[in-house]
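> Before I ask anything, here is the structure I am working with.
Laboratory data are not the source of any read-out in this text; all were calculated from the coordinates shown. Nothing here was measured: the structure is a model prediction, and the numbers come from that model. Virtual Cβ from ideal backbone geometry, glycine too; neighbours counted across all protein chains shown.
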Amino acid sequence: MDISIETSLEKARKLNRLRSAPSDYELDGVKKELLALMRKKNAQLVCHYYVDAVIQDFAISSGGIVADSLEMARYGKESKAEVLIVAGVRFMGETAKILSPEKRVIMPNLAATCSLDLGCEIESFKRFCSNYPERTVVVYANTSAEVKAFSDWVVTSSCAIPIINHLKENQQKIIFAPDMHLGDYLKKTTGADILNWDGHCVVHDEFKAFELKELKKRMPDAEVVIHPESPSSVIELADFVGSTSQMINFVVSSNKKKFIIGTDNGLIHMMKKKAPDKQFHEAPTAGNGATCKSCAHCPWMEMNDLRDILGSLLNGKNEILVPEGISNSARESIEKMLGFNKLKDVPKNRKTL
Ligand code: SF4
């Protein structure tokens, strides 16, 4: 594993280990103070499905949102709030700032990042792309502002298939980064000519096909619902493959009662809320005899804490800033994604090299 990913992961795990859980009394106090401060500062909480259930519930009760990264981006842009508090990981805060440069964007902890973002450093990525100048550069939302600024398209797992199909219909060859499993899945699903960068998500990469087969045998009536950042051997066992929002919609609309869920287990909180009569089981993350490394929960997402959200808003800490030139260029690619259905022509040229 890349040394920067290993170091950042270790720090996240250490912080999560050392932090004590708040008592109900403390939590009540934090919620009251935070709500009053959010009203005073006209702030809204924009939260990802993978963060702690307490933060998800608070986001909804305070008039904010819990969503996937595509909806978080849209919501933040359209929000009338002056301050956006992003509970998730750093690239989500950067995307919010890029789309709403006039708003203040703060996060509970700026060290909360993502192995995909860390594993796609801008200078190495530029060097890689320079070997294939004929290819259109499509990057996943889980990348730095610099990588987005350099790229022709940004996609999330909700909209990647239609965008890649559209590029294929326009005879474009593609470089896809950073998630190699998602890139493989897009290649197989669309038949597009895709060259993958070799990044992976430390959570989804841990799902194991052999153990999943065993679990399926023990639960033959369960449907297997998998996120496409998982290895292809796991995806092959799925009844449904989709983004976090699509996974929620699938379990809500399915007539089955039992599901095996292959993504960060933070998503199960929202599934239980939307389908309280159904049962959800985590897909296995570790092979026989192995020590669980991730337990299907992202250590960087786990760094989000309601007390730190209050601290950031109270003290004006942990603000996301993106240099103007990078922000303007990244905004072009992100807005192209958000307006994708309205696009008639697909630009054929690489934006920058
Ligand atoms: S779950 Fe994976 S893709 Fe999502 S933030 Fe964590 S490391 Fe990144």
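> Pulled fully out, how much extra length does the chain show between residue 273 and residue 258, if you take 0.36 nm times their separation in residues and subtract their Cα-Cα distance?
3.9 nm
> Taking a quarter of the surface of the convex hull around the Cα atoms of the stretch 12-96, what do you get in nm²?
In nm², the orientation-averaged hull projection of the stretch 12-96 is 5.8.
> Which residue, 83, 251, 54, tops the fluctuation ranking in a GNM of the chain built on C-alpha contacts under 10 Å?
54
> Return a whole-number percent for the relative contact order of the stretch 204-297, with Cα pairs under 8 Å and 6 or more residues apart as the contact set.
Reported as a whole number, the value is 32 percent.
> Taking a point 7 angstrom from the Cα of residue 128 along the C-beta vector, which residues in the stretch 185-204 have backbone N less than 11 Å away?
Of the residues in the stretch 185-204, 195-200 have backbone N under 11 Å from the label point off residue 128.
> For an R0 of 45 angstrom, estimate the FRET efficiency from the Cβ-Cβ distance between residue 165 and residue 27 and round to the nearest 0.05.
The calculated FRET efficiency here is 0.50.
> What lysines sit close enough to residue 274 to cross-link, taking a C-alpha to C-alpha distance under 17 Å and skipping anything fewer than 8 places away on the same chain?
256, 257, 258
> Using helices alone, I'd like the mean residue ellipticity at 222 nm for the chain: each DSSP H run of four-plus residues gives -39500 (n - 2.57), total over residue count, nearest 500.
Rounded to the nearest 500, the figure is -13500 deg cm²/dmol.
> Let me ask something additional. Going highest first, how would you order 210-222, 191-203 by mean Cβ packing within 10 Å?
Output ranking for 210-222, 191-203: 191-203, 210-222.
> Right, another one. Less than 12 Å Cβ to Cβ from residue 279, Lys/Arg counted +1 and Asp/Glu -1: what total charge do the surrounding residues give?
+1
> Around residue 281, which amide H atoms from residues at least 5 apart in sequence, or from another chain, sit under 5 Å from its own amide H, with H modelled in the peptide plane?
For residue 281, the qualifying residues are 259, 260, 261.
> Sort 49, 132 so the one with the fewest other Cβ atoms within 10 Å of its own Cβ comes first.
Neighbour counts put them in this order, fewest first: 132, 49.
> Please report, ordered by residue number, every helix of the chain (full DSSP H runs) that is 27 Å or longer along its axis going by C-alpha atoms and whose mean Kyte-Doolittle hydropathy reaches 1.0.
none
> Could you tell me what percent of the DSSP beta bridges with both partners in the chain are antiparallel, to the nearest 5?
Taking every DSSP beta bridge within the chain, about 5 percent pair in antiparallel fashion.
> I would also like to ask the following. Share of Cα-Cα pairs in the chain beyond 34 Å, in percent?
Every Cα pair in the chain considered, those over 34 Å come to 24 percent.
> Suppose R0 equals 35 Å. What FRET efficiency, 1/(1 + (r/R0)^6) with r the Cβ-Cβ distance, do residue 321 and residue 219 give to the nearest 0.05?
Approximately 0.15, to the nearest 0.05.
> Could you name the lysines whose alpha carbon sits less than 16 Å from that of residue 173, not counting residues in the same chain fewer than 8 places away?
187, 188, 348, 351
> By count of other Cβ within 10 Å, fewest leading, how are 2, 179 ordered?
2, 179
> Another question, if that's okay. Would you mind pulling out the separation of the Cα centroids of the stretch 74-98 and the stretch 1-47, in Å?
16 Å
> What GluC sites (Glu not before Pro) in the stretch 1-108 are in a loop by DSSP, with at most 11 other Cβ atoms within 10 Å of the Cβ?
Listed in order of number, the matching sites are 102.
> Something else now. Counting alpha carbon pairs within less than 8 Å and at least 6 residues apart, what relative contact order, in whole percent, applies to the chain?
Relative contact order comes out at 22 percent.
> Now for a different question. What's the lysine pair count for the stretch 29-151 at a Cα cut-off below 24 Å, pairs eight or more apart or interchain?
Count of close lysine pairs: 25.
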